[in-house]
Amino acid sequence: MKAKTFLISICFFFLLSLLLSGCGKDMTPVSQTDFYLDTSVTITLYDTGSLSPSDCETLFHNCFALCGRYEDMFSRTKEGSDIWNINHAGGAPVQVSEETAGLLQTALYYCRETDGAVDITIAPLSTLWNFSSDALTGIHTLPDHRQIQELLPCVDYQKVQINGTTVALKEAGAALDLGCIAKGYIADRLKDYLEEQGIKSAVINLGGNVLTLGSKPDGSPFRLGIQRPFDLRGNPIAVLSVSDASLVSSGVYERYFEADGVRYHHLLNPRTGMPEQNGLLGVTILSDSSTDGDILSTACFLLGLDKGMAYIESLPGIEAVFITEDYALHPSSGLSGLLQTP
């Protein structure tokens, strides 16, 4: 089957007027954007009064250099990356960086915690469905049932073997995909770098994974919007005021295509190999760590409203908003009364 494809890749927007001029004593925010890991990365600096234009350029340059460094580790499509090497080793042990091994351990922790609702060995199915931004610009062919069934045995996070910084896949045909956690990890590391450089007010946006550093220079919180599913970009369904926090969303409106009147999105159930249909349009996670928020947004979507909410309520310091197909908002207890209308 063929289908006209659509792409809405940005989940979040800022309810702020970002005047993109040079650094200076007027404290005007400055911003730069580049493209890594198949997503747009935007860094916005707010406390720029003591910075020269050269200082700002150095900060931006080093931030994007970090993004490139992590893409060289975590990308499953870039030849020579740690993940690419593991996926193409035919089951042989592969030496990786300490950060890659550590991120894999974190991801596997959540795979176990959710009993495989999220599974980082989903790559064979992700590749088959091909929801990459390039693929969604034209005609899309549905995988057939036989292809999906043949790949399901390859998806099993328990077949990932880590010994220090050596990683091996014990299932023939298995492959890793860190798309559910890598952007969050990179956002956290960018925040670390900016803090080390003395920056106290900034916003890091990796394709909708938003992480705020501190608050605005006047002490007020940042106002971040949660995208209304399938609406024009920038139209929120709700707004949260946050300082020094991460807001990450996963939803059926991010990457999808339609075939014969049916919408197929990129959030695949590891047990069926099909896009999960559980009455949810999206899940947004509020947390201190963007690494946690990134993978939890995917995990809680795949768990569904009831199990996902119960899981969130068991985690200290983490909140969530679930959006059901009727566009109703279901906030966790810590967000009760805090969601604002646009």
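The values are calculated or read from the model by the stated rules, or taken from the named source; none is laboratory data. What you see is a predicted model, and the numbers here were worked out from it, not measured in a lab. In this analysis, Cβ positions are derived from the backbone assuming ideal geometry, glycine residues included, and neighbour counts consider all displayed protein chains. We work out accessible area using only protein heavy atoms, side chains counted, and drop any ligands, DNA or RNA first. Shrake-Rupley method; radii C 1.70, N 1.55, O 1.52, S 1.80 Å.
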Got at least one residue in region 311-318 being surrounded by fewer than 16 Cβ atoms within 10 Å (Cβ to Cβ), acidic (Asp, Glu) and farther than 14 Å from TYR110 by Cβ?
-> yes
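Conditions tested, residue by residue: (1) under 16 Å from ASP177 (Cβ atoms); (2) within 17 Å of the chain's Cα centre (by Cα); (3) open to solvent by less than 50 Å² (accessible area, probe 1.4 Å).
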{"residue": "HIS61", "(1), (2), (3)": "no, no, no"}
{"residue": "TYR70", "(1), (2), (3)": "yes, yes, yes"}
{"residue": "MET73", "(1), (2), (3)": "yes, yes, yes"}
{"residue": "ASP82", "(1), (2), (3)": "yes, no, yes"}
{"residue": "PRO93", "(1), (2), (3)": "no, no, no"}
{"residue": "VAL96", "(1), (2), (3)": "yes, no, yes"}
{"residue": "THR100", "(1), (2), (3)": "yes, yes, yes"}
{"residue": "TYR110", "(1), (2), (3)": "yes, yes, yes"}
Are there any pairs, at least 6 apart or on different chains, whose C-beta atoms fall under 7 Å, with the first in region 82-95 and within 17 Å of CYS154 (Cα to Cα) and the second part of a helix (DSSP H, G or I) and of a type in the set (Phe, Trp, Tyr), and if so, which?
-> ILE83/PHE74
Every residue from region 89-103 that is in contact with a strand residue (DSSP E or B) (Cβ under 6 Å, 6 or more places away or on another chain) and either part of a loop (DSSP other than H, G, I, E, B) or among the acidic types (Asp, Glu) (or both) = GLY91, PRO93, VAL96
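Okay, residues lined up against (1) open to solvent by 60 Å² or more (accessible area, probe 1.4 Å); (2) more than 21 Å from SER241 (Cα to Cα); (3) among the hydroxyl-bearing types (Ser, Thr, Tyr):
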{"residue": "GLN158", "(1), (2), (3)": "yes, yes, no"}
{"residue": "THR165", "(1), (2), (3)": "no, yes, yes"}
{"residue": "LEU169", "(1), (2), (3)": "no, yes, no"}
{"residue": "ALA172", "(1), (2), (3)": "yes, yes, no"}
{"residue": "ALA175", "(1), (2), (3)": "no, yes, no"}
{"residue": "GLY184", "(1), (2), (3)": "no, no, no"}
{"residue": "GLY198", "(1), (2), (3)": "no, yes, no"}
{"residue": "GLY208", "(1), (2), (3)": "no, no, no"}
Some residue of region 215-228 being at pLDDT below 95, open to solvent by less than 10 Å² (accessible area, probe 1.4 Å) and within 27 Å of LEU142 (Cβ to Cβ) | yes
Has region 293-303 got any residue that is open to solvent by 30 Å² or more (accessible area, probe 1.4 Å) and part of a loop (DSSP other than H, G, I, E, B)?
-> no
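Return the residue satisfying two criteria in turn: it lies in region 319-342 and is part of a helix (DSSP H, G or I) and not polar (S, T, N, Q), and of such residues it is most open to solvent (accessible area, probe 1.4 Å).
GLY334
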